[in-house]
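K.L.:
I have a structure I would like to understand better, so I am pasting it below and will then ask my questions one at a time.
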Amino acid sequence: MEKNQESIEIVNVDQLKAVKREDKGYVVIKDTVRNTLRRPGCENVNVVHFWEKVLDNGRKDGNYFRVDTVETARTLFKAKFCDNCQ
Ligand SMILES: [Zn+2]
């Protein structure tokens, strides 16, 4: 693994808001079905979804990560781009 390929798990709403505000890199949403790569500004990267999935469900159904590059998302998560974010 390349040294610069890193992911940071997003564990609370403040962190998610900061990622969206900064609007750099990408967000990987892990899921039981697939892992999806999205831009921070994607409508599917939002506090309500995050709250339901991560906080209410205790990450059983998935969780969120911030990554720097598409390459990292593909290598670490085999994530596929959101249709609206490509
Ligand atoms: Zn999207």
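K.L.:
Over the chain, with a Gaussian network built from C-alpha contacts below 10 Å, which listed residue (Gly58, Gly25, Gly41) shows the highest mean-square fluctuation?
P.N.:
Of Gly58, Gly25, Gly41, the Gaussian network model singles out Gly58 as fluctuating most.
K.L.:
Using Cβ contacts closer than 10 Å as the measure, can you line up Ile8, Ile29 from fewest to most? Please list the in-between numbers first.
P.N.:
Numbers: Ile8 13, Ile29 24.
Fewest to most other Cβ atoms nearby, the residues stand as Ile8, Ile29.
K.L.:
Mind pulling the angle between the C-alpha long axis of helix 13-22 and the longest principal axis of the chain? Nearest 10 degrees, somewhere in 0 to 90.
P.N.:
50 degrees
K.L.:
Using Cα springs under 10 Å in a Gaussian network model of the chain, which residue among Val19, Val27, Val47 shows the largest mean-square fluctuation?
P.N.:
Among Val19, Val27, Val47, the largest mean-square fluctuation in the Gaussian network model of the chain belongs to Val47.
K.L.:
Which cysteines does the chain leave without a neighbouring Cys Cβ under 4.7 Å?
P.N.:
If one checks each Cβ against the other cysteines of the chain, Cys42 turn up with nothing under 4.7 Å.
K.L.:
Figure the gain on full extension for Asp56 and Val13 (residue separation times 0.36 nm, minus the Cα-Cα span) and round it to one decimal in nm.
P.N.:
Working: separation 43, 0.36 × 43 = 15.48 nm, distance 1.23 nm.
Using 0.36 nm per residue and subtracting the Cα-Cα distance, I get 14.3 nm.
K.L.:
May I ask you to derive the relative contact order of region 7-81, considering only C-alpha pairs under 8 Å and at least 6 residues apart, and to give it as an integer percent?
P.N.:
Working: 120 pairs, mean separation 31.3, N = 75.
Relative contact order comes out at 42 percent.
K.L.:
Could I ask something else about it? Can you give the charge dipole size of the chain about its Cα centre, rounded to the nearest 20 debye, using +1 on the beta carbon of Lys and Arg and -1 on the beta carbon of Asp and Glu? List each step's numbers first, then the result.
P.N.:
Working: 16 positive and 14 negative charges, 25 e Å.
My answer is approximately 120 debye.
K.L.:
Sticking with this structure for a sec: Cross-chain or 8 or more residues apart, Cα under 12 Å: how many lysine pairs in the chain fit that? Count them up, please.
P.N.:
Details: Lys30/Lys53; Lys30/Lys60; Lys30/Lys78; Lys30/Lys80.
Within the chain, the lysine pair count is 4.
K.L.:
Among Gly62, Gly41, Val11, which residue has its Cα positioned farthest towards the positive end of the charge dipole of the chain, with +1 placed on the Cβ of Lys and Arg, -1 on the Cβ of Asp and Glu, and the dipole taken about the Cα centre?
P.N.:
The one lying farthest along the dipole's positive direction is Gly62.
K.L.:
Follow-up. Which value, to two decimals, describes the C-alpha radius of gyration of region 7-81 once divided by 2.2 N^0.38 Å? Intermediate results must be reported in sequence, preceding the final value.
P.N.:
Values: Rg = 11.0 Å, N = 75, 2.2 N^0.38 = 11.3 Å.
Cα Rg divided by the expected 2.2 N^0.38 Å: 0.97.
K.L.:
Using the 10 angstrom Cβ neighbour count as an exposure proxy, how do Leu16, Leu76 rank, fewest first? Walk me through the intermediate numbers first.
P.N.:
Numbers: Leu16 22, Leu76 16.
The most exposed by this proxy come first: Leu76, Leu16.
K.L.:
So what is the calculated 222 nm ellipticity per residue for the chain, using -39500 (n - 2.57) for each DSSP H run with n of 4 or more, over all residues, to the nearest 500 deg cm²/dmol?
P.N.:
Values: 3 runs with 22 residues, N = 86.
That calculation yields -6500 deg cm²/dmol at 222 nm.
Each reported figure results from applying straightforward, stated rules to the coordinates on display, with no laboratory input. Source: prediction; values computed, not measured. Don't worry about glycine lacking a Cβ; one is built from the backbone with ideal geometry, like all the others, and counts go over all protein chains shown.
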